[in-house]
1. For the stretch 1-19, which positions are modelled with pLDDT of 80 or more and in contact with a Leu (Cβ under 8 Å, 6 or more places away or on another chain)?
2. Look at the stretch 27-74 and say how many of its residues are among the hydrophobic types (A, V, I, L, M, F, W, C), out of contact with any strand residue (DSSP E or B) (no Cβ under 7 Å at 6 or more places or on another chain) and closer than 30 Å to R7 by Cβ.
3. Got a number for residues in the stretch 20-50 being modelled with pLDDT under 95 and in contact with a helix residue (DSSP H, G or I) (Cβ under 6 Å, 6 or more places away or on another chain)?
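The values are calculated or read from the model by the stated rules, or taken from the named source; none is laboratory data. Since the model is a prediction, treat every value here as computed from it, not as a measurement. All Cβ positions, even for glycine, are placed from backbone atoms using ideal geometry, and neighbour counts span all protein chains on display.
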Amino acid sequence: MRPQQTRPIDEAISSAGGVCFDSTNSNLMLEQLPGVFVAGEMLDWEAPTGGYLLTACFATGKRAGLGVVQWLQK
């Protein structure tokens, strides 16, 4: 079936579900799985689509990447 129309923008979200922020440390490493880092849509958030998603993915990816470097240097 071909799409007939778009859905309202207020129904569009980036994701639903994922890893709770409470289960990570400040570097986005999982407390229960040392050495495993999460970022982007792996995390539990809901936000409007568009630039918010890209910005949050880039920001959490950078944070997790810096956390990996710190963890490997220990």
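1. G18, V19
2. 8
3. Final tally of qualifying residues: 1.
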